Amino acid sequence: MSNNGNLVAAHPGNANAVRHGLHSPRVLAPRAAEIAEGLMDLPHALPLDRPAAEEIGLVIARIEAVDRDLDERGHFGRTGARSLLDHRARLSRELRNWLREFGATPKARYDFAARMASGSVGEEIAKRLAAIEAGE
């Protein structure tokens with residue numbers, strides 16, 4: 001492309017047109033990977049959980065991108081801010097669901113611990129049968 005003062009070829013890695021990065025894997029990938037690695041360090045995480053951890057990382061990276069853009073442009077008065085707020089709300093719901101499934105919320109961890117402490121269904125059936133046989 002000729003350089004006549006106003007037309008310059010895009011450079012590799014050029015992020016000039018990126019506003020918030022919400023839809024740019026190149027912009028989101030480093031942060032998403034960092035979050036996923038943190039999730040995989042949790043004691044209950046198994047290699048099989050990596051796709052879920054990566055999805056959670058991507059959702060959090062997107063939320064952070066939206067928040068940055070809203071902080072820079074403001075919440076109201078600019079085109080697209082309302083759309084970003086709607087997108088932010090949807091991403092928050094998606095994140096809450098993923099974290100619950102991954103066992104990364106206080107309630108999910110409590111429920112898991114309670115299930116582990118309560119014993120198995122088979123043990124409970126055996127106890128009840130023993131009580132019935134003993135005439136209790």
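The values are calculated or read from the model by the stated rules, or taken from the named source; none is laboratory data. Nothing here was measured: the structure is a model prediction, and the numbers come from that model. Every residue, glycine as well, gets a Cβ built from its backbone with ideal geometry; the counts of neighbours run over all protein chains shown.
A few remarks follow.
- Those helices (runs of 4 or more DSSP H) of segment 48-136 in which 1 or more residues are under 23 Å from residue 36 (Cβ atoms) occupy 50-73, 81-102, 106-118.
- Selected residue [modelled with pLDDT of 90 or more and either surrounded by 14 or more Cβ atoms within 10 Å (Cβ to Cβ) or under 29 Å from residue 31 (Cα atoms) (or both)] from 95, 84: 95
- Answer residue from segment 100-131, given it is modelled with pLDDT under 90 and of a type in the set (Asp, Glu) and is nearest to residue 49 (Cα to Cα) among those: 111
- Taken together, the residues in segment 40-56 that are of a type outside the set (Asp, Glu) and closer than 15 Å to residue 96 by Cβ amount to 2.
- Neighbours by Cβ (under 6 Å, 6+ apart or cross-chain): first from segment 101-127, on the phi > 0 side of the Ramachandran plot and in contact (Cβ under 8 Å) with a residue 60 or more places away in the chain; second outside any helix (DSSP H, G or I) and not aromatic (Phe, Trp, Tyr): 103/44
- Of everything in segment 14-46 that is at pLDDT below 85 and in contact with a helix residue (DSSP H, G or I) (Cβ under 8 Å, 6 or more places away or on another chain), the residue that is farthest from residue 86 (Cα to Cα) is 15.
- Annotation for segment 52-67: no member residue is under 13 Å from the mean Cα position of the chain (by Cα), farther than 18 Å from residue 88 by Cα and exposed (fewer than 15 other Cβ atoms within 10 Å of the Cβ).
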